[in-house]
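The values are calculated or read from the model by the stated rules, or taken from the named source; none is laboratory data. Everything numeric in this text was worked out from a predicted model, so none of it was measured. All Cβ positions, glycine included, derive from the backbone under ideal geometry; neighbour counts span all protein chains shown. Just so you know, the surface numbers come from the protein's heavy atoms only, side chains and all, with ligands and any DNA or RNA stripped out. Shrake-Rupley method; radii C 1.70, N 1.55, O 1.52, S 1.80 Å.
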Amino acid sequence: MPTCLPLVVRRCHTCASERFRPNGKFRVNANHKLIDAWLLVLCTACGATAKLTVLERMNVRSVRPELLHRMHDNDPALAGELLQDPVVRRRNRAALDWSDAWRLDTGEPALRDREVIDTAVRFVARIPVRPVRLIAEGCGLSRAEVERLVEDGKLVSAVRLSGKVTDDFTFTLKR
């Protein structure tokens with residue numbers, strides 16, 4: 001589950017840094033019947049403000065009133081939702097850096113003592129994480145040991161365990 005908003009990977013025009021911290025604030029500007037809205041992000045190196053376009057020259061009546069209220073209230077949950085929206089990221093040529101922005105909640109502390117562990121992993125947000133890392137942290141193993149278990153056929157899953165996943169998956173670990 002996420003612990004904070006992820007960093008935005010995009011080049012800063014002031015200092016050439018590549019990381020921005022979203023602060024959850026929005027800027028909304030209306031001109032007659034058209035509206036623009038941006039999510040404000042701050043450069044981690046120089047503190048310069050950049051704008052990620054959320055709405056661009058849209059008719060005010062076509063925007064849901066609850067969305068406008070959430071933007072006016074600077075809703076941090078809305079900022080998180082918009083950062084995960086691929087359309088917003090593509091429009092702004094930005095990527096997300098989830099390093100140190102998530103935590104693993106295992107729910108069961110006694111997983112290490114079992115011979116067979118059949119587990120379902122559920123993502124609260126679409127955070128790209130390596131399954132090997134999740135399994136290692138959740139089961140109290142090293143990543144090298146988890147990779148060895150995969151090679152030996154003692155750790156199986158319907159999803160590919162190499163690479164990154166963002167969707168729920170299950171795995172079975174036999175010791």
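Remark: the chain carries a charge dipole of roughly 780 debye about the Cα centre, counting +1 on each Lys and Arg Cβ and -1 on each Asp and Glu Cβ. In a fully extended conformation the segment linking VAL60 and ARG148 would gain 26.0 nm over its present Cα-Cα distance, using 0.36 nm per residue. The slack between ASP118 and ASN31, meaning 0.36 nm per residue of separation minus the straight C-alpha distance, is 25.7 nm. Accessible surface of the range 119-175, 1.4 Å probe: 46 percent of it comes from carbon and sulfur atoms. Each Cα pair under 8 Å and six or more residues apart adds its separation to the average, and for the chain the resulting relative contact order is 20 percent. Summing charges over all other residues whose Cβ lies under 13 Å from the Cβ of ARG21, with Lys and Arg as +1 and Asp and Glu as -1, gives 0.
For the range 76-175, a simple Cβ point-charge model (Lys and Arg +1, Asp and Glu -1, everything else neutral) yields a dipole of about 400 debye relative to the Cα centre. For LYS174, a cut-off of 25 angstrom between C-alpha atoms picks up these lysines, skipping any fewer than 8 places away in its own chain: LYS154, LYS164.
Farthest towards the positive end of the charge dipole of the range 1-111, among the residues ASN74, ALA95, LEU34, is the Cα of LEU34, using unit charges on the Cβ of Lys, Arg, Asp and Glu.
Multiplying the residue separation of THR44 and MET1 by 0.36 nm and removing their Cα-Cα distance gives an extension gain of 13.2 nm.
Here LYS25 is the anchor, and the lysines within straight C-alpha reach of less than 29 Å, apart from those fewer than 8 places off in the same chain, are LYS33, LYS51. Near ARG70: Cβ cut-off under 11 Å, other residues only, Lys/Arg at +1 and Asp/Glu at -1. The net charge is -3. With both labels modelled 7 Å from their Cα along Cα-to-Cβ, the GLU137 to ASN23 distance reads 2.8 nm. Label-to-label distance for SER162 and LEU67 is 4.1 nm, based on points extended 7 Å past Cα in the beta-carbon direction. Over all other residues within a Cβ to Cβ distance under 11 Å of VAL156, the charged ones net out to 0, with Lys and Arg as +1 and Asp and Glu as -1.
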